[in-house]
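Read-outs: derived from the displayed coordinates by stated rules, not from any lab. Just so you know, these numbers come straight off a predicted model, no measurement behind them. Positions of Cβ are generated from backbone atoms using ideal geometry, with glycine treated the same way; all protein chains shown enter the neighbour counts.
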Amino acid sequence: MKHPTIRNQIRRLRFEAGEMTQQSLADAAGVTRQTIIAVEAAKYSPSLELAFRIAAAFKKPLSEVFQYEGEGKDGVI
Amino acid sequence: MNDTKPPQSMADRAVQAFSNTSYRELGAWVSLIVTCFVYVPYFSWVVRRFLENRLEAGDLLGVFLGAVFSQIFFLVGVHIGLAILLKDEPRDERDRLIEAKSSHLAYNILSIASVIAAVWIVIGSVRFAGAPEAMRFLHPIFLSQVFLFLCILAETAKYLTQGICYRRGS
């Protein structure tokens with residue numbers, strides 16, 4: 001199976017958000033904790049809608065939460 | 001930052017792995033194990049009886065009903081246990097994706113296996129044309145068991161795919 005090519009900063013952002021738990025993020029995003037675990041470990045690429053919900057939970061722009069591989073951290077390809 | 005403390009022993013690692021496993025993933029693995037546990041002996045018995053030319057409707061029906069009730073009993077019991085131990089959450093997009101993948105694969109396996117089975121039955125009946133063995137391949141009891149085997153094979157593939165997809169992430 002093709003490995004997802006999307007990186008994310010979820011783990012760091014959870015820490016910066018007052019050590020938000022995976023369950024809290026899952027509740028905010030409307031998914032299960034196991035899905036958040038899979039997204040965080042880059043084993044599952046979320047849908048666009050879920051990606052936006054996760055970013056909204058952190059109150060961050062999408063590009064700060066997810067990066068397409070080959071892309072710089074500032075979001076420029 | 002970590003949701004749990006670093007595991008200190010195998011027992012701790014097992015508990016953490018269990019808590020990171022969703023109800024649906026465990027349900028898939030349990031369904032796979034129960035299906036194999038019930039139907040491997042069942043089809044072994046059917047094949048043995050078929051080869052001995054002793055596959056009779058009366059015996060077959062009793063054994064089949066026993067297999068079905070056993071499967072229901074074990075599945076319901078274990079799923080109740082899992083529901084008590086784990087929180088069952090509504091299906092999210094990953095659950096729906098995995099379910100769609102597993103159903104798609106199961107359908108493909110059922111389709112391909114059906115064609116193979118049909119060809120095998122025709123070849124068998126032609127190969128033994130004129131001989132009593134030919135009728136065995138066309139006997140309704142034999143055909144019913146072939147059909148049942150294909151369905152169980154597809155179900156097994158579905159559960160296995162679900163378990164693997166959950167383990168791999170999607």
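General remarks:
- Counting neighbouring beta carbons within 10 Å and listing from fewest to most, the residues B:R136, B:R94, A:R11, B:R24 come out as A:R11, B:R136, B:R24, B:R94.
- Computed label-point distance, nm, for sites B:L85 and A:R11 using a 7 Å Cα→Cβ extension: 2.7
- Fluctuation leader among B:A100, B:A157, B:A129 - chain B, Gaussian network, Cα springs under 10 angstrom: B:A129
- Dipole magnitude for chain B: computed about the Cα centre from +1 point charges on Lys and Arg Cβ and -1 point charges on Asp and Glu Cβ, it is near 300 debye.
- For chain B, modelled as a GNM whose springs connect Cα atoms under 10 angstrom apart, the maximal fluctuation among B:A118, B:A154, B:A28 occurs at B:A118.
- Nearest-ten-degree value, helix B:93-127 long axis tilted from longest Cα axis of chain B: 20
- The relative contact order of the range B:3-140, computed from alpha carbon pairs under 8 Å that lie at least 6 residues apart in sequence, is 24 percent.
- Least to most buried among B:S111, B:S125, B:S22 (fewest other Cβ within 10 Å first): B:S111, B:S125, B:S22
- Across peptide A:31-44, the mean count of Cβ atoms from other chains lying within 10 Å of each residue's own Cβ comes to 6.
- Loop GluC sites (Glu not before Pro), the range A:1-52, which have at most 15 other Cβ atoms in a 10 Å radius of their Cβ (DSSP): A:E19
- Estimated distance in nm for a label pair at B:Y107 and B:S70, the labels positioned 7 Å out from Cα along Cα-to-Cβ: 3.2
- With 0.36 nm allotted per residue and the present C-alpha distance subtracted, the B:F128-B:A57 stretch has 23.3 nm of extension available.
- Counting only Cα atoms, the size of the range B:42-122 along its three principal axes is 50, 30, 15 Å, in decreasing order.
- Vicinal HN-Hα couplings computed from phi for the range A:52-68 (Karplus, 6.51 cos²θ - 1.76 cosθ + 1.60; Hz; Gly/Pro x): 5, 5, 5, 4, 5, 5, 8, 6, 10, x, 4, 5, 7, 8, 10, 10, 7
- Under a Gaussian network description of chain B, with springs only between Cα atoms under 10 Å, the residue in B:I152, B:I84, B:I141 that fluctuates furthest is B:I84.
- Column: log10 I(q)/I(0), Debye, Cα scatterers of the protein assembly as shown, q = 0.11, 0.12 Å⁻¹: -0.74, -0.82
- Which of A:T21, A:T35, B:T156, B:T161 has the fewest Cβ neighbours within 10 Å, and the rest in rising order: A:T21, B:T156, B:T161, A:T35
- Distant-in-sequence amide H partners of A:Q67 (H built 1.01 Å from N, under 5 Å): A:R7, A:N8
- Around the Cα centre of the protein assembly as shown, unit charges on the Cβ atoms of Lys, Arg, Asp and Glu (plus for the first two, minus for the last two) sum to a dipole of about 320 debye.
- As an equivalent ellipsoid, chain B spans semi-axes of 41, 18, 12 angstrom, where each value is the square root of five times an eigenvalue of the C-alpha gyration tensor, largest first.
- Placing unit charges on the Cβ atoms of the charged side chains and taking the dipole of chain B about its Cα centre, the candidate lying farthest along the positive direction among B:L160, B:V122, B:Q71 is B:V122.
- Ordering B:C36, A:V31, A:I6 by Cα displacement along the dipole of the protein assembly as shown toward the positive end leaves A:I6 in first place; charges were set at the Cβ atoms of Lys, Arg (+1) and Asp, Glu (-1).
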